[in-house]
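Since the structure comes first, as structure tokens, the remarks are kept for the end.
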Amino acid sequence: MKIAVLPGDGIGPEIVVEAVKVLHALDLSFELETAPVGGAAYAALGHPLPASTLKLAKDADAILFGAVGDWKYDNLERHLRPEQAILGLRKNLGLFANFRPAICYPELVGASSLKPELVAGLDILIIRELTGDIYFGQPRGRRIATDGNFPEAEEAFDTMRYSRPEIERIAHVAFQAARKRSKRVTSIDKANVLETFQFWKEVVTEVGQQYPDVALDHMYVDNAAMQLVKAPKKFDVIVTGNMFGDILSDEASMLTGSIGMLPSASLNASNQGLYEPSHGSAPDIAGQGIANPLATILSAAMMLRFSLNQEEAALRIENAVKSVLAQGLRTPDIYSEGTTRVSTIEMGNAVVKAL
Ligand code: NAD
Ligand code: IPM
Ligand code: MN
């Protein structure tokens, strides 16, 4: 089992080292190889996704990724920005299916900013399409306008687009995932305004006809953003496009107590996967030893399950996480009165001990 380890920037290295510690504690034999990515790779090798890092990722059975991005690179040309590394990995490896499970563990009910009764028992699965939409659509750029509200003004533009096969394959992923859960899919769109999402809705509906055992409903994204904080437990599997999925999954993370709890898996057609927390490099807390490593540790569990065929080891990690939460150990982002505040390293050590 060959794992490419890409720590990245900000809190990336701090949280990835804890997940690696947990993997080593499993007594499985892994071959781990680390490479720079993001701002760290730009600083070392002049490019956020060096050819050597991309090759390592392509050749691996799975990729464990931290996070990329740093304020100090915000003014670089777009193709050199750290974020291009994660976008490039997703695109180059065809990682179109992004799973972001939002589970509220009983011990963290009080850590959510929502009332406990709204989040107790929450278990929703956001499936975000990850290689299309306005993120990758061409053309994009800057120009002088020739029409619009201010013709002749300087303007910027991006292109939102989805093809039928792109929508079909992510819809199949969602319906198949729903079959293993409570057999309900909510497709989130903006069909009332956007042609791209009218088409999305039509294609998801067509694919849904092949899954008569799964109930499908549709919701506009603005309403979905509201319903997620009004009655989040009404959702089971959510399927949506790249940009709406990005935004709604950060929103959903607070239902679990903290964005530091939300893992993710990004899979391609051959189940090769990249595993990363849903959050970013958190430059505001980097280097302080207070980042929550659990989203990354839970991403490593998803890696064992989805790409490495080690369901038992995945469950062991998930149970160890539950156990440290039951012991009352909390990084600051999930701290509440009566619990014990711990550092990133102490949290990682506690998970290892619980294993
Ligand atoms: P962010 O997710 O990095 O941070 C948002 C807030 O959540 C911050 O207050 C941060 O301290 C907190 N937070 C995030 N992870 C945490 C953790 N594990 N434990 C405790 N607190 C945590 O989002 P941002 O501040 O908007 O972006 C920072 C940088 O990260 C940007 O450069 C952005 O582009 C990048 N980013 C990268 C990824 C990725 O690598 N996949 C994802 C999102 C953002
Ligand atoms: C995420 C991040 C990325 C995204 C950025 C860093 C490119 O926000 O993984 O959610 O928008 O997909
Ligand atoms: Mn995001």
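Each listed q (0.15, 0.29, 0.32 Å⁻¹) maps to a log10 I(q)/I(0) for the stretch 132-181 from the Debye sum over equal C-alpha point scatterers, namely -0.58, -1.00, -1.06.
Taking every C-alpha pair closer than 8 Å and separated by at least 6 residues, the mean separation divided by the residue count of the stretch 1-72 gives a relative contact order of 53 percent. The alpha-carbon of Lys230 sits under 23 angstrom from the alpha-carbons of these lysines, leaving out residues fewer than 8 places away in its chain: Lys115, Lys183, Lys190.
Taking the square roots of five times each eigenvalue of the Cα gyration tensor of the stretch 198-282, the equivalent ellipsoid has semi-axes of 24, 19, 12 Å, listed largest first.
Give me Thr256, Thr340 sorted ascending by neighbouring Cβ count inside 10 Å, so fewest comes first.
Thr340, Thr256
The GNM of the chain, with springs linking C-alpha atoms under 10 angstrom apart, assigns the highest mean-square fluctuation among Lys322, Lys72, Lys233 to Lys72. Largest GNM mean-square fluctuation across Glu107, Glu168, Glu154, computed for the chain with C-alpha springs under 10 Å, falls on Glu154. With θ taken as phi - 60° and the Karplus curve 6.51 cos²θ - 1.76 cosθ + 1.60 applied, the whole-hertz 3J(HN,Hα) list for the stretch 56-67 is 4, 5, 5, 7, 7, 6, 7, 10, 9, 10, x, 6 Hz, x standing for glycine and proline.
What is the list of residues in the stretch 315-355 whose amide nitrogen lies under 12 Å from a point 7 angstrom out from the Cα of Leu28, following Cα to Cβ? 315-318, by backbone N distance to the label point. Using the Cβ of Ala40 as centre and a radius below 11 Å, the other residues enclosed give a net charge of -2, where K and R count +1 and D and E count -1.
Toward the positive end of the charge dipole of the chain, with +1 on the Cβ of Lys and Arg and -1 on the Cβ of Asp and Glu, the farthest Cα among Asn192, His172, Ser278 is that of His172.
Considering only DSSP states other than H, G, I, E and B, which GluC sites (Glu not before Pro) in the stretch 275-355 qualify as loop sites with at most 16 other Cβ atoms within 10 Å?
On the way: sites: Glu311, Glu312, Glu318, Glu337, Glu346; in loops: Glu337.
Within the stretch 275-355, the qualifying GluC sites (Glu not before Pro) (loop, at most 16 other Cβ atoms within 10 Å) are Glu337.
The ranking of Arg100, Arg142 from fewest to most other beta carbons within 10 Å of each one's beta carbon is Arg142, Arg100. Here the chain is assigned +1 on the Cβ of each Lys and Arg and -1 on the Cβ of each Asp and Glu. Its dipole about the Cα centre then comes out at about 620 debye. Summing charges over neighbours of Thr296, with a neighbour being any other residue whose Cβ is under 12 Å away from its Cβ, gives -2 when K and R count +1 and D and E count -1.
Residues Glu14, Glu276, Glu77 in ascending order of nearby Cβ atoms (within 10 Å, fewest first): Glu77, Glu14, Glu276. Kirkwood analysis of the stretch 1-81, using all unique Cα-Cα pairs, places the hydrodynamic radius at 13.1 Å. Taking label points 7 Å from Cα along the Cα-to-Cβ direction, Tyr335 and Ser163 give a separation of 5.1 nm. For the chain, averaging the sequence separation of C-alpha pairs within contact (under 8 Å, six or more residues apart) and dividing by the residue count gives a relative contact order of 22 percent.
Computed from the C-beta positions of Asp222 and Glu195 and an R0 of 22 Å, the FRET efficiency is 0.80 to the nearest 0.05.
Within the set of other residues whose C-beta is less than 12 Å from the C-beta of Asp284, count the net charge using Lys and Arg as +1 and Asp and Glu as -1. Kindly include the intermediate steps, with their values, before the conclusion.
Numbers: positive: none; negative: Asp70, Asp333.
Residues near Asp284 contribute -2 overall.
Which residues among the stretch 213-241 fall inside the zone where the amide N is under 11 Å from a point 7 Å beyond the Cα of Thr205, along Cα→Cβ? Those under the cut-off are 218.
Each principal axis of the Cα cloud of the stretch 52-208 was evaluated for its coordinate range; sorted largest first, these ranges are 55, 41, 37 Å.
Largest first and in whole Å, what are the equivalent-ellipsoid semi-axes of the stretch 231-355 based on the Cα gyration tensor, each being the root of 5 times an eigenvalue?
On the way: eigenvalues 112, 73, 42 Å².
Ellipsoid semi-axes (Å, largest first): 24, 19, 14.
Out of all DSSP beta bridges with both ends in the chain, state the antiparallel percent to the nearest 5.
Working: 17 of 45 bridges.
The antiparallel proportion sits near 40 percent.
Computed from the Cα positions only, the extents of the chain along the three principal axes stand at 61, 50, 39 Å, in decreasing order.
Where a number appears in this text, it was derived from the coordinates with a stated rule and is not lab data. Please read all numbers here as calculations on a predicted model, not as lab measurements. Backbone-built Cβ (ideal geometry, glycine too); neighbour counts: all protein chains shown.
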